[in-house]
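Comments concern the structure below.
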Amino acid sequence: MRHRRPFVAGNWKMNPATVAEAVALARAIVLATAQARVVEIAIAPPAVALLAVRDAIAASDVTLAVQDVHEHEKGAYTGGISAAMLRGIVTYVIVGHSEVRRDRGDTDARVNAKLRRALDAGLRPILCVGEMLEVRHSGRADEFVRGQVRAALSDVAMGQASRVTIAYEPIWAIGTGVPAHGEDARTTIAAAREEVGVLFGAATAHAVRMLYGGSVTGESIAEFAEQPGIDGALVGGASLVSDEFARICAAVGVARTRA
Ligand code: PGA
């Protein structure tokens, strides 16, 4: 069976303050991560900085991601960015991030529409899923995440599903400085992978990359990268500091090479 390449993606959210700073951060990340060759590295700057950052990383192995995409193909959607517009600019599209679900009311159905638009445009979705604290406490986290995976991948063609990366990000762990326990992340990610298997078969379940996200730092990454079935991380805050981000990439490379 095909080996899954380790993957670390940095989600810059609404940072840094200017396009010039975004370009500087991208350059610093290229330099700091130059050694981490076994790991695929993507960065997701704000949309307004995509073109400038694309040029800044052009000569490197770092790939580009966008933080969101519109669910419709084109038309009167003020502020929207379509998947077709992103083609040739980004490789990856983050969909279903909990902040977008929370702030812009993205439902599972809209996440599904965005994911399919991205796939149809030849882009690779990074699908974010994750439960709220009450759900974790009630013991239904795995079931909840399986439901999100099922809804988001609904009507995805068999041959396209393996192009999706799934990031398990418990909402209570995002930006709080309190990561999940490695063991819980492993179990929930295994449940998500099992759900992909139910939907698309064992080969696809094996091929889909699964990331952990939520308060990942150079310190906390080891606990996740060493878990079987966790292929890397989706990183928020720590992806804004080039050396810290590089530490995470290096740790994922070391742990996954050993695994
Ligand atoms: P964080 O964010 O690393 O700052 O917790 C993770 C994310 O939202 O992807």
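Just a few scattered comments:
- Test set (1) open to solvent by less than 50 Å² (accessible area, probe 1.4 Å); (2) within 16 Å of the ligand (Cβ to nearest atom); (3) more than 18 Å from Val38 (Cβ to Cβ); (4) under 16 Å from the mean Cα position of the chain (by Cα) - Val208 fails condition number: (2)
- Filter result for Ser60 (of a type in the set (Ser, Thr, Tyr) and over 24 Å from Gly253 (Cβ atoms)): no
- Considered as a group, the residues in segment 37-60 that are among the aliphatic types (A, V, I, L, M) and open to solvent by 20 Å² or more (accessible area, probe 1.4 Å) include one that is modelled with the lowest pLDDT, and that residue is Val38.
- Complete set of residues in segment 74-92 that are under 25 Å from Ser162 (Cβ atoms), open to solvent by less than 60 Å² (accessible area, probe 1.4 Å) and either away from the ligand (no atom under 14 Å from the Cβ) or part of a loop (DSSP other than H, G, I, E, B) (or both): Ser82, Ala83, Ala84, Leu86, Ile89, Val90, Thr91
- Checked against (1) more than 22 Å from Val8 (Cα to Cα); (2) among the charged types (D, E, K, R); (3) crowded, with 18+ Cβ neighbours inside 10 Å, Glu99 passes all but condition (1).
- When segment 229-259 is limited to residues that are part of a loop (DSSP other than H, G, I, E, B) and at pLDDT 95 or above, the one that is nearest to the ligand (Cβ to nearest atom) turns out to be Gly236.
- Criterion (more than 15 Å from the ligand (Cβ to nearest atom) and among the aliphatic types (A, V, I, L, M)) met by exactly one of Ala9, Ala44, Ala28: Ala28
The values are calculated or read from the model by the stated rules, or taken from the named source; none is laboratory data. All of these numbers come straight from a predicted model, not from anything done at the bench. Virtual Cβ from ideal backbone geometry, glycine too; neighbours counted across all protein chains shown. Just so you know, the surface numbers come from the protein's heavy atoms only, side chains and all, with ligands and any DNA or RNA stripped out. Shrake-Rupley method; radii C 1.70, N 1.55, O 1.52, S 1.80 Å.
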